[in-house]
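The values are calculated or read from the model by the stated rules, or taken from the named source; none is laboratory data. Note that this is a predicted model, so its numbers are computed, not measured. For neighbour counting, all protein chains shown are included, and Cβ atoms are generated from backbone atoms with ideal geometry for every residue, glycine included. Protein only, heavy atoms only, side chains kept; ligands, DNA and RNA dropped before computing areas. Shrake-Rupley method; radii C 1.70, N 1.55, O 1.52, S 1.80 Å.
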Amino acid sequence: MSSKTEGFYEVLSPWAEADSVPYSAISTRISDLADKKIGLFCNTKRVASPTLKAVERRLKKRYPSATFSWFFNTAPNEAIITQKRKDEFDNWLREIDAVIAAYGD
Amino acid sequence: MYDAVSIEDRQKPVVMLANYGFVNDAESASRSKGMPGVRVISTKVPCESTVLEDIEAGVDGSWDDIITALTKPLTAEEKSPRVEKTETPARIIFKGSLEEVNRFFYRRGWTDGLPIIPPTEEAVLEMLMGTDLPADYLLGKLQSRSGKATIEKIAINAVMAGALPTYMPVLIAGTIDLLESEQGFMGYTTFGFSTGSWSPFWVINGPIRNHLNINNSSGAFSPGNIANATIGRAMGLIIKNIGGVRKGIEDMGVMGNPMKYTMVIAENEEESPWEPLHVEHGYNKEDSTISLSFPQSFLQHYPPGSDAASILQSVIDNITRGMRYTIVFNPSTAKNLAREGYNKENIKKYVAEKKLVPAAQIKAQLGAVVTPGSSLQQSSRDTAEMVPLIRDHRVIRVIVGGGPGAFVAHLIGGGATPGKKEIQKIELPKNWNKLVGKYKNVVPIYAKY
């Protein structure tokens, strides 16, 4: 490496510009899980399903009146709304009050 | 994380469970999709764990947080998330000595850890001589940050890598290869960032190989040739600085991969008995191309004999699980195979047909991605039955490279679904011959001793 006094450089930025993305708010929370239908959205990695099963067992014990419905995104690294199953996903979600999701990482 | 954003978009509250090591990654993904407030719970559920006790303990540790994330009213910030102002960096980002420039770039996370050449206006202008495209020409927006891949940004990263202006056409084509990569699991958006530490691997074909002195002979994968070294390095910097892929945030490679510094080879078309890779893809021999795959591993093996049966048995013995394969035969081995009637196509078919593994092994490996209800889980194959490891011979590439000797190389990992984008034609500027003449003699001349 040259000495600190040797050479002087005015350099351009390698970091690309990017358009800002408009931000949206998340949706209103539910007041309580009792009597609610909870969706369990499970992605492909192998720990996702047992994690959500463990969550479901605990929720059933604490909220006996809650019900549960699973949805599996079986295509690794593909957003569900870009797949043929988008309508199935939308129909599933319509019946759900709140969702717990796990990717598995 | 994109699915969690889709759920919130549909006005349903969601909480995302993520291992504590992936929280930054999850938050980056939700911000990039315009919903920074998605509630992510950091858990101690171990990644990829199959031990139920560990999973249960991880859930127990996050139990209260999960309930709270679904029920606690939104904060003012969550109701009206403030859009961060887009950073518009000054054109001249820094002034200083070589050492100071290097420290500044390193601290910004803009380098690969090695020293860089300062991208001065003058050096970038020289680099831009390698293309007829204007500096502000936008090729596209590169994931994960949707950074604007302009010709100037490519040139700046090329200067930093130590590339020559004659490499610009290759870097532009390589960037297009990334931009047009298949969406979903088999493309750059997986292999660029995933825990699997996949590395871009670039194969150059056509006349440009010789114009740029890209090594395709002895030690082709070793350091020591400026084209092989800096083309791959520049592409790595393009992914980092234009794509915005940060190690440990978007790039979640568990082990990382030394091939990410650079992994470039030219096919040795002159000594190959077969048609080159780009001709297999429908290009003319006179065209120049760059092709992209994403291997995880590089291995070499030594066939016990130089006859076709010995060579191919060694290939089969050394093929391991992957989604895409590149087999690199040295010229003499390739000629021996050709002499016994083998071409690229029937080598691929032979390997795919003969590489058998127990069905149980396939099922165990697929278990990583098998989810309840999938057809894979319902497979009733006899677990002792020997089945092909490779179901579609088109996932294998065969190229010729390397020097005299017997060793054969395999690059095993990921890449495009056969038939999807993996190769890009390299377009040359009008002044190409003059430019090549200017830089052609940048070659190492070793001292005699």
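Considering A:A102, A:A98, which residue is surrounded by 18 or more Cβ atoms within 10 Å (Cβ to Cβ), among the small types (G, A, S) and closer than 15 Å to A:A34 by Cβ?
A:A98
So which residues in the stretch B:43-66 are more than 7 Å from chain A (Cβ to nearest Cβ) and either open to solvent by 60 Å² or more (accessible area, probe 1.4 Å) or among the aliphatic types (A, V, I, L, M) (or both)?
B:K44, B:V51, B:E53, B:D54, B:A57, B:D60, B:G61, B:D64, B:D65
Within the stretch B:338-354, how many residues turn out to be under 26 Å from the mean Cα position of the chain (by Cα) and not hydrophobic (A, V, I, L, M, F, W, C)?
4
Any chance the stretch B:206-228 includes a residue that's surrounded by 22 or more Cβ atoms within 10 Å (Cβ to Cβ), of a type in the set (G, A, S), more than 14 Å from every other protein chain (Cβ to nearest Cβ) and touching an Asp or Glu at 6+ places or on another chain (Cβ under 9 Å)?
Looking through the stretch B:206-228, at least one residue is surrounded by 22 or more Cβ atoms within 10 Å (Cβ to Cβ), of a type in the set (G, A, S), more than 14 Å from every other protein chain (Cβ to nearest Cβ) and touching an Asp or Glu at 6+ places or on another chain (Cβ under 9 Å).
Could you count how many residues in the stretch A:50-68 are of a type in the set (D, E, K, R), touching a strand residue (DSSP E or B) at 6+ places or on another chain (Cβ under 8 Å) and surrounded by 16 or more Cβ atoms within 10 Å (Cβ to Cβ)?
1
Out of (1) open to solvent by less than 20 Å² (accessible area, probe 1.4 Å); (2) at the interface with chain B (Cβ under 7 Å from one of its Cβ atoms), the odd one out for A:F72 is which?
A:F72 satisfies every listed condition except (1).
Can you tell me which residue among B:L142, B:L171 is within 9 Å of chain A (Cβ to nearest Cβ), buried (at least 24 other Cβ atoms within 10 Å of the Cβ) and out of contact with any Pro (no Cβ under 9 Å at 6 or more places or on another chain)?
Selected residue: B:L142, the only one of B:L142, B:L171 that is within 9 Å of chain A (Cβ to nearest Cβ), buried (at least 24 other Cβ atoms within 10 Å of the Cβ) and out of contact with any Pro (no Cβ under 9 Å at 6 or more places or on another chain).
Restricting to the stretch B:1-37, name every residue that is open to solvent by 30 Å² or more (accessible area, probe 1.4 Å), within 7 Å of chain A (Cβ to nearest Cβ) and aromatic (F, W, Y).
B:Y2
Residues that are free of Cβ contacts under 8 Å to residues at least 40 places away in the same chain and among the hydroxyl-bearing types (S, T, Y): find the strands (runs of 3 or more DSSP E) completely inside chain A holding 2 or more of those.
The strands (runs of 3 or more DSSP E) meeting that bar are A:67-72.
Could you list all residues from the stretch B:285-298 that are more than 13 Å from B:I208 (Cα to Cα) and either open to solvent by less than 20 Å² (accessible area, probe 1.4 Å) or assigned to a loop (DSSP other than H, G, I, E, B) (or both)?
Within the stretch B:285-298, B:S291, B:L292, B:S293, B:F294, B:P295 qualify.
Which pairs have Cβ atoms under 6 Å, sit 6 or more apart or on different chains, and link a residue in the stretch B:5-20 that is free of Cβ contacts under 8 Å to residues at least 24 places away in the same chain to one that is in a strand (DSSP E or B)?
B:I7/A:V99; B:I7/B:V14; B:K12/A:V99
Quickly run through the stretch B:76-93 and pick out the residues that are of a type outside the set (V, I, T), open to solvent by 50 Å² or more (accessible area, probe 1.4 Å) and under 21 Å from B:L125 (Cβ atoms).
Passing the criteria: B:A90, B:R91.
Among the candidates B:S332, B:S306, which residue alone is on the phi < 0 side of the Ramachandran plot, open to solvent by 10 Å² or more (accessible area, probe 1.4 Å), assigned to a helix (DSSP H, G or I) and touching a residue at least 12 places away in the same chain (Cβ under 8 Å)?
Sole residue among the options that is on the phi < 0 side of the Ramachandran plot, open to solvent by 10 Å² or more (accessible area, probe 1.4 Å), assigned to a helix (DSSP H, G or I) and touching a residue at least 12 places away in the same chain (Cβ under 8 Å): B:S332.
Given (1) at the interface with chain A (Cβ under 7 Å from one of its Cβ atoms); (2) buried (at least 16 other Cβ atoms within 10 Å of the Cβ), where does B:P73 come up short, assuming only one miss?
Of (1) at the interface with chain A (Cβ under 7 Å from one of its Cβ atoms); (2) buried (at least 16 other Cβ atoms within 10 Å of the Cβ), only one is false for B:P73: (2).
Could you list all residues from the stretch A:20-49 that are more than 7 Å from chain B (Cβ to nearest Cβ), more than 16 Å from the chain's Cα centre (by Cα) and either at pLDDT below 95 or crowded, with 16+ Cβ neighbours inside 10 Å (or both)?
A:K36
Could you please tell me which pairs satisfy a Cβ distance under 9 Å, a separation of 6+ or placement on different chains, a first residue in the stretch B:32-51 that is at positive phi, and a second residue that is open to solvent by less than 30 Å² (accessible area, probe 1.4 Å) and outside any loop (DSSP other than H, G, I, E, B)?
Correct list of pairs: B:G34/B:V5.
Considering only residues that are crowded, with 23+ Cβ neighbours inside 10 Å and in contact with a helix residue (DSSP H, G or I) (Cβ under 8 Å, 6 or more places away or on another chain), look in the stretch B:174-191 and name the one that is nearest to B:Y137 (Cα to Cα).
B:T175
Given the residues B:E48, B:E8, which is the only one that is at pLDDT below 90 and not in a strand (DSSP E or B)?
B:E48
Search the stretch B:364-389 for residues being at pLDDT 70 or above and within 21 Å of B:Y325 (Cβ to Cβ), and hand back the single one that is farthest from the chain's Cα centre (by Cα).
Step by step, filter the stretch B:364-389, then rank; the result is B:M386.
Does B:L114 satisfy the condition of being more than 7 Å from chain A (Cβ to nearest Cβ), part of a loop (DSSP other than H, G, I, E, B) and among the hydrophobic types (A, V, I, L, M, F, W, C)?
In short, yes.
Open to solvent by 40 Å² or more (accessible area, probe 1.4 Å) and at pLDDT 95 or above: is that true of B:M263 in this structure?
No; evaluated as a whole, the condition is false for this residue.
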